[in-house]
Amino acid sequence: MNEFSKVNLVIWAIILCIGGCGGEKFETTHNLLTLSSTISQTPGTGLQEFDYEAFSHLKVPPLSPVQALEKFKLEEGFRIEVVAHEPMVVDPIAMDIDVDGRLWVIDMPSYMPAHDLDVLETSTLEKVPEARVVVLEDTDKDGKMDLHRIFYTGLILPRAIKVLTDGVLVAEPPNVWYIKDTDGDGKGDAKESVYNGYGDHTDPNIHSYPGGLMWGMDNWLHSSNNNVESIRKVNGEWKTMPFRRLGQWGMSQDNWGRLYSSNNSRPLQTHLVPYGYSDRHPQFEMTSGKNVSIGGDTLWPSHPTGVNRGYREGVLREDGTLIRATAVSSTVIYRGDQFGDEYVGNAFSPEPGANLVKRYIVEGDPGEIEVKARYAYEGKEFLTSNDERFRPINIYNSPDGTLYILDMYRGILEHASHLTDYLRNHAVERDLQIPTGTFGRIYRVIREDRPLSYEVPQFSRMQPEEWVGYLGHKNGLLRDQAQQVLVQCSVPKLIPALESLVQDDTHEPYTRLQALWTLEGYQRSVYSSDKLSRMVKLALEDGHPRVRAAAIRILEPTIASNYTDVQEQLIKVAENDASAYVQLQLLASLGESKDEGSLELMAKILNERIDSPYFQEMALTGVYNRETQLSGILKKQFDWQPDGGGPQSQMLEKLAMAQEMKNELDLSHLTTGQMALFKNGEQEFKTCGACHGMEGKGLDGVGPRLDGSEWVKSDPEAVVRIILQGFAGASAERSENITGVMPGHSYLSDKEIASVLTFIRQSWGNKATPIEPEKVSQIREVTREKSDTWTPEELRKILNNQL
């Protein structure tokens with residue numbers, strides 16, 4: 001063990017003894033948990049130690065990393081280099097970068113071990129405890145990882161990772177584990193579940209699992225996909241916050257804390273409106289400004305592309321290249337300082353199915369609600385490869401200011417749950433189905449005409465005062481790391497410096513913003529709620545709209561509990577602040593209060609912004625059980641008339657409708673378990689609402705109505721079959737303008753199907769019995785061999801046989 005390793009081992013032991021970096025104890029040692037990769041280390045392996053010749057007989061053989069570099073084509077002025085490769089990493093899917101620059105990578109070597117099995121057989125082979133947490137370190141600062149350690153193994157299909165100061169969070173559906181090293185040997189030996197709702201591990205379609213665990217500027221860990229809540233540790237306890245779906249893959253943020261994600265066919269998605277408010281009113285779902293696709297999907301690959309639906313007209317060009325995105329994974333917003341200012345805020349979206357990375361230029365005034373993205377160039381991409389095995393699955397900002405790219409480097413990317421015969425045959429013809437669980441690469445993208453140093457900051461070796469300075473760094477990742485360290489350690493003596501940053505307008509707005517959120521994240525025992533409130537009130541006067549909006553959001557606990565204490569300041573904001581985003585955040589936060597004065601201020605804002613659907617929906621989410629009161633204020637103080645036409649009348653109608661629906665909905669007969677299914681189904685139905693309408697009334701030309709439907713109210717034997725295998729044919733509820741079939745949704749779990757059907761069968765006047773997951777499982781087993789959709793005649797025959 002070298003001297004550097006010995007020092008890190010000592011630091012490791014000290015931190016473990018004091019239990020992390022909290023309060024005065026931390027100030028005695030001023031060292032972070034290093035989770036040192038120099039303990040139990042393995043030297044990096046050179047290319048000569050991996051036998052690439054063993055695969056040379058394949059029609060399209062895997063390339064060595066050096067050979068693979070020759071296949072890349074980048075934007076002029078950029079280059080790509082290898083950071084790590086097999087066997088150090090195998091099928092990497094996600095990583096985190098700790099505060100000393102080490103890479104913590106989770107892999108998925110069991111993914112798609114065979115190409116010719118059905119989804120259930122594949123799932124059985126996949127769900128084996130082979131995945132790992134691997135730590136990589138560059139000790140000689142040449143840009144390549146030369147030390148390698150397995151921190152934890154025995155995981156099944158993990159999805160996300162976040163390194164904290166005293167442990168590591170790893171998302172392994174359905175749990176988020178908090179893994180610690182208690183004996184100082186550099187390996188995780190203790191774990192506890194801090195959240196158990198991270199996806200349904202029984203679902204064989206692992207593409208439906210969430211991902212992310214990104215520490216947002218608001219100090220919550222956010223994830224994408226479905227109904228995963230955001231999590232956060234507050235005063236030693238883990239808390240959750242509803243955060244409905246933003247994209248399918250990954251999570252990133254810009255310099256203002258706006259969150260971004262992506263979907264297979266939507267390379268760039270974001271919430272235009274403040275997030276986290278969708279669940280406040282059971283009758284109103286926010287649709288405007290939420291999960292908005294802001295980037296086009298046209299692609300320009302550098303070679304013919306094998307994709308799932310390549311046999312369909314309009315999918316491939318005449319030259320065989322993919323026209324539109326089909327497999328976009330985790331988009332990142334560039335916040336580094338090595339590419340140059342013109343790239344800051346750009347989005348980089350990996351499309352592993354087309355072996356490329358796309359660049360978008362994101363534009364929008366931070367004070368406004370709208371944001372748009374345009375292609376950085378037409379007819380070409382930021383990065384392409386002619387190597388069909390190049391699978392860029394995730395991209396990350398780097399502490400050296402560049403971008404890291406995670407490459408699964410495998411022939412078959414598509415999962416068995418969606419793999420078509422067309423793509424399977426394409427892969428077999430080119431030997432792409434083999435090998436599996438063998439390769440993996442991490443690359444770095446660099447701008448060549450700008451300086452670069454592989455020497456990155458090591459926060460564990462700094463004095464705490466130095467961390468504060470990094471809140472002003474041009475590299476957004478380093479600002480994020482500084483905020484996270486400061487929040488977790490909550491060192492009391494740093495408070496004056498943080499307060500000074502918030503109030504000093506000579507600093508960049510993003511520095512003031514992150515300093516403010518850092519104080520919000522401090523332990524309340526160190527920085528009291530009263531002190532935070534005083535500082536936030538000062539921030540309401542800041543010159544940047546995103547700082548003012550953040551101040552309002554941070555004030556929400558006070559708005560909710562003691563509105564009169566902040567009423568004067570909020571009225572001033574409502575009357576004088578010209579920023580649409582600030583006004584929308586104010587409207588959202590006022591919805592947390594039950595004070596009559598807050599409702600009057602909401603009415604004032606809504607009256608002035610009623611033409612905006614963003615303001616309409618945000619107001620509706622914040623008035624649960626107060627619909628009649630808001631309606632009365634709008635009529636009395638602003639002379640709104642129910643029959644006056646336009647958005648004012650529509651708003652009054654919705655408020656009245658919500659009250660009526662609330663009066664009609666009686667769920668007192670449901671058991672606790674059935675009520676849980678109903679609530680889950682309420683969220684799941686938001687996807688169904690795209691075809692059937694959010695109120696179950698159907699959409700002309702798209703999907704039939706569900707309220708009063710004979711099939712919805714029928715025996716579970718019929719309605720469960722419709723969800724599992726689909727439905728084709730006329731019904732009493734089907735509009736003449738609706739054609740086609742309802743596709744099967746067998747990829748949904750038993751619980752998801754039971755939940756959404758329980759919700760539908762108990763809503764809009766439907767009074768059918770709830771459906772339990774066990775019933776779905778039973779019917780799924782009976783109908784497993786059915787490959788086509790159900791007809792009304794078949795279902796009625798089944799129902800008659802049941803009688």
Surrounding charge for Ile333, neighbours by C-beta under 10 angstrom, Lys/Arg +1, Asp/Glu -1, total +1
If you place +1 on the Cβ of every Lys and Arg, -1 on the Cβ of every Asp and Glu, and leave all else neutral, what size is the dipole of the chain about its Cα centre, to the nearest 20 Debye? 680 debye
What number results when the radius of gyration of the stretch 63-177, computed over Cα atoms, is divided by 2.2 N^0.38 Å? 1.22
Within the under-11-Å Cβ sphere about Asp254, not counting Asp254, Lys/Arg +1 and Asp/Glu -1 give a net charge of +3
Take the Cα coordinates of the stretch 120-274, assign each an equal point scatterer, and use the Debye formula without solvent to give log10 I(q)/I(0) at q = 0.17, 0.18, 0.21 Å⁻¹. -1.10, -1.18, -1.37
So what is the accessible area of the chain per residue, in Å², with the probe set to 1.4 Å? 39 Å²
Using the Kirkwood radius built from alpha carbon pairs, what does the Stokes-Einstein equation give as D for the stretch 333-455 at 37 °C and 0.692 mPa s, in µm² per second? 200 µm²/s
Just the accessible area for Trp300, please: 1.4 Å probe, Å², rounded to the nearest 10? 50 Å²
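Give me Rg/Rg_expected for the stretch 181-260, where Rg uses Cα atoms only and Rg_expected = 2.2 N^0.38 Å with N residues.
The reported ratio for this selection is 1.24.
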List the relative contact order of the chain as a percent without decimals, with contacts defined as Cα pairs under 8 Å and 6+ residues apart. 10 percent
Overall Cα dimensions of the stretch 468-514 - principal axes, largest extent first, Å: 25, 22, 13
If amide hydrogens are placed 1.01 Å from N in the peptide plane, which non-local residues have theirs closer than 5 Å to the one on Lys233? Lys239
Could you pull the accessible area for Ser193 with a 1.4 Å probe, rounded to 10 Å²? 50 Å²
Net charge near Lys180: determine it from the other residues with C-beta under 15 Å of the C-beta of Lys180, scoring Lys and Arg +1 and Asp and Glu -1. -3
Take the solvent-accessible surface of the protein heavy atoms, probe 1.4 Å, and return the percent of it on the chain that carbon and sulfur atoms account for. 49 percent
As a test of understanding, state the convex hull volume per residue of the chain from its alpha carbons, in Å³. 167 Å³
Whole-number value, in Å³ per residue, for the convex hull of the alpha carbons of the stretch 591-647 is 75 Å³
Going highest first, how would you order 346-357, 406-417 by mean Cβ packing within 10 Å? 346-357, 406-417
Which of the peptides 580-589, 420-429 is most tightly packed, and how do the rest follow, going by the mean number of other Cβ atoms within 10 Å of each residue? 580-589, 420-429
Averaging over all projection directions, find the projected area of the Cα convex hull of the stretch 534-619 and quote it in nm² with one decimal place. 4.8 nm²
Report, by chain and number, residues whose modeled amide H sits under 5 Å from the one on Ala94, excluding near sequence neighbours (fewer than 5 apart, same chain). Ile106
Shape parameters for the stretch 499-584, alpha-carbon atoms, Rg then Dmax in Å: 12.3, 36
Suppose every Lys and Arg Cβ carries +1 and every Asp and Glu Cβ carries -1, with no other charges. What dipole size does the stretch 58-134 come out with about its Cα centre, to the nearest 20 debye? 220 debye
Through the Karplus equation 6.51 cos²θ - 1.76 cosθ + 1.60, θ set to phi - 60°, convert the phi angles of the stretch 399-413 into ³J(HN,Hα) values in whole Hz; use x for Gly and Pro. x, 8, x, 9, 10, 9, 10, 8, 10, 5, 6, 8, x, 9, 9
Vicinal HN-Hα couplings computed from phi for the stretch 55-61 (Karplus, 6.51 cos²θ - 1.76 cosθ + 1.60; Hz; Gly/Pro x): 10, 5, 6, 5, 4, 10, x
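The values are calculated or read from the model by the stated rules, or taken from the named source; none is laboratory data. Note that this is a predicted model, so its numbers are computed, not measured. Here the Cβ is made from the backbone with ideal geometry for all residues, glycine too, and neighbour counts use every protein chain on show. Quick note on the areas: whole protein, heavy atoms, side chains included, nothing else; ligands and nucleic acids left out. Shrake-Rupley method; radii C 1.70, N 1.55, O 1.52, S 1.80 Å.
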